[in-house]
Each structure stands twice: as C-alpha cells, then as structure tokens.
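S.K.: Structure in structure tokens, see below.
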Amino acid sequence: MSTPSLLILPGDGIGPEVMAEVRKIIDWYGTNRGLAMDVSEDLVGGAAYDVHGVPLSDETMEKAQKVDAVLLGAVGGPKYDDLDFSVKPERGLLRLRKEMDLYANLRPAQCFDALADFSSLKRDVVAGLDIMIVRELTSGIYFGEPRGISVNANGEREGVNTQRYTESEIARAARSAFELAKRRNNKVCSMEKANVMESGILWREVVQKVHDEEYPDVELSHMYADAGGMQLCRWPKQFDVIVTDNLFGDLLSDVAAMLTGSLGMLPSASLGAPMANGRPKAMYEPVHGSAPDITGQGKANPIACVLSFAMALRYSFDLGAEADRLEAAVEAVLAKGLRTADLMQADGGTPVTTTEMGDAIIAALDASL
Ligand code: IPM
Ligand code: MG
C-alpha cells in the first residue's frame with residue numbers, strides 16, 4: 001500500500017497543544033518503526049474562520065476527502081460565541097462528518113487501572129471497564145430537515161429540529177456495531193426511545209432485522225436510552241458495545257466518559273465506507289472539547305488525542321500491534337503516577353505539563369523497543 005497520508009487539523013483552544021504531542025509520536029513511529037507518513041496540516045473551526053471567514057474552507061474539505069485519515073484536535077471558544085450559527089466553529093466539524101459520510105462514531109470508554117479512583121463512581125463499578133459506544137454520526141436530529149427558528153401563526157418564535165432516520169442509515173450503523181462486537185465480547189445493546197418516538201420504533205426494528213439476518217450469533221438487547229443512561233451509571237460493565245443514534249450517542253458518550261475519570265482520556269474514531277484503496281474514510285478526534293479555560297497553560301491532557309492516533313493505527317492502517325504498543329505506553333506512564341492537571345484531584349501523583357506528558361509517552365515507547 002502507498003505511504004499513509006494524514007491531515008492534521010489542530011483547531012482551537014487546547015487542540016494545537018495536544019496535537020503537538022501527537023506529532024512527536026507520529027515522528028517517533030517514522031524513526032523507530034519505519035512508519036513513514038505523509039503528514040499535512042490545515043485549519044478548522046475558529047482558526048479557519050479567522051483566516052477564511054468560514055470554519056472549514058472548500059480546499060481543506062477537498063484535502064480531507066483525499067487523505068487516508070484526518071486527525072482533529074478541537075473546535076470552538078468564547079471568541080466565536082456571537083458568530084452567526086452558519087459559521088460557528090462547530091459547523092466545520094459537522095461539515096467534515098457529513099461530507100465524508102462518517103456514519104459510525106466509535107467512542108471507547110476504557111478505565112485505566114491507575115485511574116480507577118478518579119471516577120465519581122466507586123472503584124469496583126469502573127475498574128477494568130472496557131465498553132464501546134457506536135454513535136450514528138451523519139443523520140438524526142443533528143442534520144434533519146426542516147430545522148430553524150421562525151415566527152409561527154401566533155406571531156411567536158418557534159425553534160424546530162427534526163429527528164429523521166432511514167432504514168439504510170440505521171442498518172449501516174448497526175452493522176458497524178455488530179462487526180465490532182464480533183472482535184470483542186460479542187454483545188450489542190441498542191438504545192433509542194421507541195416508547196415515544198417513531199424513529200425509535202424504526203431504529204429498534206431495523207437493528208433487530210440486521211441482527212437476525214446477518215449476525216444471529218451476536219447477543220443483542222434493546223434499551224430505552226434514558227434507562228441506558230441510568231444503567232451506565234449503575235453497572236456499566238454489563239455492556240460491551242452500545243449502538244445508538246446521533247443525539248443519544250452524544251449524551252451517553254459523555255456519561256460513559258466520566259466513568260473513566262476524565263474527559264481528557266477518551267479518543268474517538270469516525271468511520272465511513274471503504275475508499276478505493278480499501279481503507280475506510282476516517283477522522284480521529286479526542287472526545288473532549290477545546291477547553292478555553294485552560295488553553296495555553298500547559299495543563300491540557302494530550303492522552304485522548306494520543307489514543308485517537310492509536311485508533312488511527314488500528315482502524316485505518318491495520319496496525320493493531322502498534323496501536324497496542326502506544327496504548328501500553330500510555331498505561332505505563334499513568335501507572336508511574338504522572339498526572340496532568342485534570343488528573344490531579346485524587347491520588348496526588350506527579351504533576352506534569354502537556355509537553356512533559358508527551359515526552360513521558362515517548363520515553364515509554366522507547367522502552368518498548
Ligand atoms: C461531540 C461534540 C460535538 C457534537 C460538538 C462539538 C458539535 O459534543 O463530538 O460529542 O455535538 O457532536
Ligand atoms: Mg459531545
């Protein structure tokens with residue numbers, strides 16, 4: 001296969017800081033594992049707005065369509081709060097997801113042993129936790145029409161968003177979940193609100209049908225999404241893979257994130273259909289946001305972004321063993337007690353800056369050779 005190509009979009013807030021650490025790791029793989037990558041960098045979000053007047057230029061969009069994988073930092077910040085909705089930083093991210101058709105968003109929630117006491121839940125509830133949320137990412141209420149704010153017949157303003165799903169949109173998200181489950185613990189729980197939403201009734205039917213026809217050997221259950229949120233907090237280890245729609249997935253993945261102790265730890269992969277070279281359309285990003293309150297202070301935790309690159313190694317480049325190596329390096333650094341600011345509440349530990357955390361991961365990678 002050709003040299004893997006990677007488009008880096010650091011974005012706003014802490015995005016550039018955490019991405020700088022990932023670039024060191026990419027270089028490490030080039031030097032030490034013979035993994036040359038064709039890396040380019042561009043603007044997204046507020047950073048793109050400042051230069052181009054839009055949160056994602058057409059040229060950047062075109063580049064994203066051509067590379068093997070996009071790696072994105074974060075978008076948004078108070079500076080852009082008053083911008084028109086159509087040019088807000090988040091629109092850049094949503095355009096990438098939609099136009100690349102990245103319908104399957106994989107959000108693992110894994111509790112590192114060294115961090116089991118950081119969760120707001122008890123240690124035995126979260127220790128050893130390893131679940132995967134598959135969030136549908138290109139449809140549902142995020143993109144449904146009609147939408148907007150208008151004045152109704154009574155002269156009152158009215159805000160409208162539409163939850164809309166087609167059978168094929170549900171089916172392809174379900175397939176992603178079943179495929180993942182086969183490589184994990186073979187269990188899928190599908191979440192919707194079939195008790196109040198027609199789109200939820202259809203969701204449940206289609207997931208069941210894909211299961212019965214294509215994946216009868218995977219264990220499938222269904223849960224209302226509100227109960228799912230409750231169960232995630234009560235006993236999260238009952239789950240293996242959770243598949244859900246765009247909005248519920250947004251909420252439930254933040255809940256799952258807190259089980260692991262810090263939002264600064266969680267990576268994600270957004271995958272679409274295979275390209276001509278067999279690799280899936282893909283974008284990788286940390287689940288955390290741009291964290292304007294700590295930007296530029298060396299406090300950001302680069303681990304979510306580093307682990308997002310590990311997901312790229314696994315899902316785009318089929319380098320599972322190298323992804324394992326990077327994840328083990330992160331685990332080793334945490335086990336040593338190194339802690340960025342977000343991880344400092346519980347066990348003391350050794351405070352480190354963003355850069356020091358990156359360097360420590362590199363040292364652990366060196367030690368793995
Ligand atoms: C996420 C974020 C985004 C979303 C925002 C930044 C548009 O919360 O990726 O979970 O709502 O999808
Ligand atoms: Mg979110």
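S.K.: Which ones in region 219-229 are hydrophobic (A, V, I, L, M, F, W, C) and either assigned to a helix (DSSP H, G or I) or within 16 Å of ligand 1 (Cβ to nearest atom) (or both)?
M.R.: Result: A225, A227.
S.K.: Okay, next question. In region 25-37, what count of residues is obtained for those that are of a type outside the set (G, A, S), over 24 Å from V75 (Cβ atoms) and not in a helix (DSSP H, G or I)?
M.R.: 1
S.K.: Mind telling me which of the residues L137, L220 ends up being crowded, with 16+ Cβ neighbours inside 10 Å, of a type outside the set (V, I, T) and more than 26 Å from K281 (Cα to Cα)?
M.R.: L220
S.K.: So, in region 103-140, of the ones that are aliphatic (A, V, I, L, M) and assigned to a strand (DSSP E or B), which residue ends up nearest to S168 (Cα to Cα)?
M.R.: In this case the residue turns out to be A104.
S.K.: Select from region 314-338 the residues that are without any contact (Cβ under 8 Å) to a residue 40 or more places away in the chain and hydrophobic (A, V, I, L, M, F, W, C) and write down the one among them that is surrounded by the fewest Cβ atoms within 10 Å (Cβ to Cβ).
M.R.: Among those that are without any contact (Cβ under 8 Å) to a residue 40 or more places away in the chain and hydrophobic (A, V, I, L, M, F, W, C), it is A321.
S.K.: Taking only region 280-331 into account, find how many residues are among the hydroxyl-bearing types (S, T, Y) and touching a Ser or Thr at 6+ places or on another chain (Cβ under 8 Å).
M.R.: Total satisfying the criteria: 2.
Conditions tested, residue by residue: (1) in a helix (DSSP H, G or I); (2) touching a residue at least 12 places away in the same chain (Cβ under 8 Å); (3) within 22 Å of Q208 (Cα to Cα); (4) away from ligand 1 (no atom under 12 Å from the Cβ).
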site	(1), (2), (3), (4)
Q231	yes, no, yes, yes
I242	no, yes, yes, yes
F248	yes, yes, yes, no
L252	yes, yes, yes, no
M258	yes, yes, no, yes
G261	no, yes, no, yes
G264	yes, yes, no, yes
S270	no, yes, no, no
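S.K.: Output yes when any residue across region 85-102 is surrounded by fewer than 17 Cβ atoms within 10 Å (Cβ to Cβ), in a helix (DSSP H, G or I) and in contact (Cβ under 8 Å) with a residue 60 or more places away in the chain, and no when none is.
M.R.: no
S.K.: Is there a residue in region 41-52 that is outside any helix (DSSP H, G or I) and more than 21 Å from D84 (Cα to Cα)?
M.R.: The answer is yes; a qualifying residue exists.
S.K.: Just checking, which of A269, A282, A300, A310 is within 16 Å of ligand 2 (Cβ to nearest atom), at pLDDT 95 or above, small (G, A, S) and within 20 Å of the chain's Cα centre (by Cα)?
M.R.: Going through A269, A282, A300, A310 in turn, the sole match is A269.
S.K.: Which of the residues that make up region 145-190 are under 30 Å from G320 (Cα atoms) and in a loop (DSSP other than H, G, I, E, B)?
M.R.: R183, R184, N185, N186
S.K.: Pairs under 7 Å by beta carbon, first residue crowded, with 17+ Cβ neighbours inside 10 Å in region 115-131, partner in a strand (DSSP E or B), six or more apart or different chains?
M.R.: Partner pairs satisfying both residue conditions: L129/A109; L129/Q110; I131/A109; I131/I242.
S.K.: In this structure, is E205 farther than 30 Å from G348 by Cβ and touching a strand residue (DSSP E or B) at 6+ places or on another chain (Cβ under 8 Å)?
M.R.: no
S.K.: Something else now. With respect to V207, is the statement that it is at pLDDT 95 or above and farther than 20 Å from A109 by Cβ true?
M.R.: So V207 passes the test.
S.K.: Another question about this same structure. Of a type in the set (D, E) and within 16 Å of ligand 2 (Cβ to nearest atom): does that describe E213?
M.R.: So E213 does not fit the description; no.
S.K.: What about V196, is it farther than 21 Å from F309 by Cα and not in a helix (DSSP H, G or I)?
M.R.: Yes; evaluated as a whole, the condition is true for this residue.
The values are calculated or read from the model by the stated rules, or taken from the named source; none is laboratory data. Computed from a prediction, not measured in an experiment: that's the story for all the values here. Quick reminder, even Gly has a Cβ in these numbers, built from the backbone with ideal geometry, and neighbours come from all protein chains shown.
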